[in-house]
Structures are given as structure tokens and as C-alpha cells.
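The values are calculated or read from the model by the stated rules, or taken from the named source; none is laboratory data. Bear in mind that the values here come from a model prediction, so they are computed numbers and not experimental data. Reconstructed Cβ throughout: ideal geometry from the backbone, glycine too, with neighbour counts over all protein chains shown. When the accessible area is computed, the model is the full protein with side chains, heavy atoms only, and any ligands, DNA or RNA have been set aside. Shrake-Rupley method; radii C 1.70, N 1.55, O 1.52, S 1.80 Å.
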Amino acid sequence: GAVVSQHPSRVICKSGTSVKIECRSLDFQATTMFWYRQFPKQSLMLMATSNEGSKATYEQGVEKDKFLINHASLTLSTLTVTSAHPEDSSFYICSARDFQGGTEAFFGQGTRLTVV
Amino acid sequence: AQSVTQPDIHITVSEGASLELRCNYSYGATPYLFWYVQSPGQGLQLLLKYFSGDTLVQGIKGFEAEFKRSQSSFNLRKPSVHWSDAAEYFCAVGARNYGQNFVFGPGTRLSVLP
């Protein structure tokens, strides 16, 4: 079945630095990808919708200047956490649907970000 | 607005016992319905999905779910739980429009006693 590859799976960074997370659809094309954030013992909350070739759409309360999203091709979306702070530590997951009639969302394995 | 509720935050069952995890949704039209499982620190794995047709759907690992339109429910069941089923389970509603995201329930944590 379709696979979404997310990298890295774990990252530890210092406060003030930036971290880039990649989300790739391996055997299908996705004009839209979604980025979710998951706090411990909580559900997935949509952060933003990544649109190939155009600006991302951010959910209310999500700082677009802190969470930069780039969807430069039909198989790759990146999320960059800029000037990271400890409160940005979380589990980030991307998902994508095959734009050629895909009905289910495929999820990456997630990225555990720890900011120290 | 779309929403998904999972009334049970945490369920504990004995290995070999049956299991039912509840899911109710609110949606303006007939949605796609999904159950995902997540092990600690891992991504999400699709257990099963409902699009249309037969309201009882079979999934992987011996799970099944039944869509009941009149109750806006999509409960997950398994006749005999295995210790490896201990995980977090999420019910999700997906729009039929490609560009719309999925909405997840709060999750139910399943513990399995030996």
C-alpha cells in the first residue's frame, strides 16, 4: 500500500535553533498534505494544510512564522520549526492522500522533537 | 462542525476477553470513517475504514467495526483481545473532498491484563 515517509523520527535541538521535518509520499502524489501535532496522551490536532505550489493554510492559533511549511513538489512537504523553544517539544505527524482518487490518509511515522 | 467523540479515555480488559471501543461523530454529510491504532512513540496504523455499502467492516488484526447511521456511531470490536493489542486507538472522520483534513477523536487507551 501507499507509504508516507517522515524524517527524522527523533530530533533533539537547542533552544533558538531551527529544525526541518520532511514528509514524503513514496508511491503516490499528493497535492495536499497535512501536519498534525500531538501532545502526550492527547489526540492529533491539525496544525496546517500544506498545498503544493501555494501557501499553506494554518489553523487558528498556529504561528505561521514559527512553523514554516514548504510543499515544493507533489511528493514532498517540509515543516520547519524556527527558533525552537522547549514548549515546541512534541510529536509531529504528517499525512497525505493520493490525489488520484485516494480516500484514506496515510501517515508518516512521526517526529519526536525535543527542544532543550 | 465536524467532531468525533470517544467516551472512554482508558479501558482495561483481560487477554482473551472481548473488546468494544466506542466512537460517535458529528458530520454534515456521510463521512469516511476510520479507526487507527498507535503504539507509544509510533505513527498511526490504519485498522479499518468505512466508505459505503456493508455497514460491518472487517479490518486487520481481527478487528471489525459497525457503522450505525441512526446513532452516528462507528464502534470498534474484537472478539478476543491479545496482549499486543495494548495501544492507543483513534477514531477519525474523513471528508470526501480530497483537500479536507481528517478529524480525530481524543483516543482510547487500551490496557490488556495477562
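A few comments on the model shown:
- Couplings for the stretch B:18-24, taken from phi via the Karplus curve 6.51 cos²θ - 1.76 cosθ + 1.60 with θ = phi - 60°, read 7, 9, 9, 10, 8, 8, 10 Hz in order; Gly and Pro are left as x.
- Average other protein chain Cβ within 10 Å of Cβ, residues B:100-111: 4
- Estimated vicinal HN-Hα couplings, Hz - the stretch B:72-78 in sequence order (Karplus 6.51, -1.76, 1.60; Gly, Pro = x): 6, 10, 8, 7, 9, 9, 8
- Along the stretch A:65-75 the Karplus relation, 6.51 cos²θ - 1.76 cosθ + 1.60 evaluated at θ = phi - 60°, assigns HN-Hα couplings of 7, 8, 10, 7, 10, 10, 10, 7, 9, 6, 10 Hz to successive residues, with x for each Gly and Pro.
- The lysines whose alpha-carbon is closer than 30 Å to the alpha-carbon of A:Lys55, local same-chain residues fewer than 8 away aside, are A:Lys14, A:Lys20, A:Lys64, A:Lys66.
- The value of relative contact order for the stretch A:36-116, using C-alpha pairs under 8 Å at least six residues apart, is 24 percent.
- Averaged over the residues of peptide A:39-45, the number of Cβ atoms from other protein chains lying within 10 Å of each residue's Cβ is 5.
- Inter-label distance for A:Leu26 and B:Ser26, nm, one decimal - labels placed 7 Å from Cα along Cα-to-Cβ: 3.9 nm
- Averaged over its residues, the protein assembly as shown has an accessible area of 47 Å² per residue, based on protein heavy atoms and a 1.4 Å probe.
- For the stretch B:60-85, the residues whose amide N sits under 18 Å from a probe point set 7 Å from the Cα of B:Thr5 along the beta carbon direction are B:68-76.
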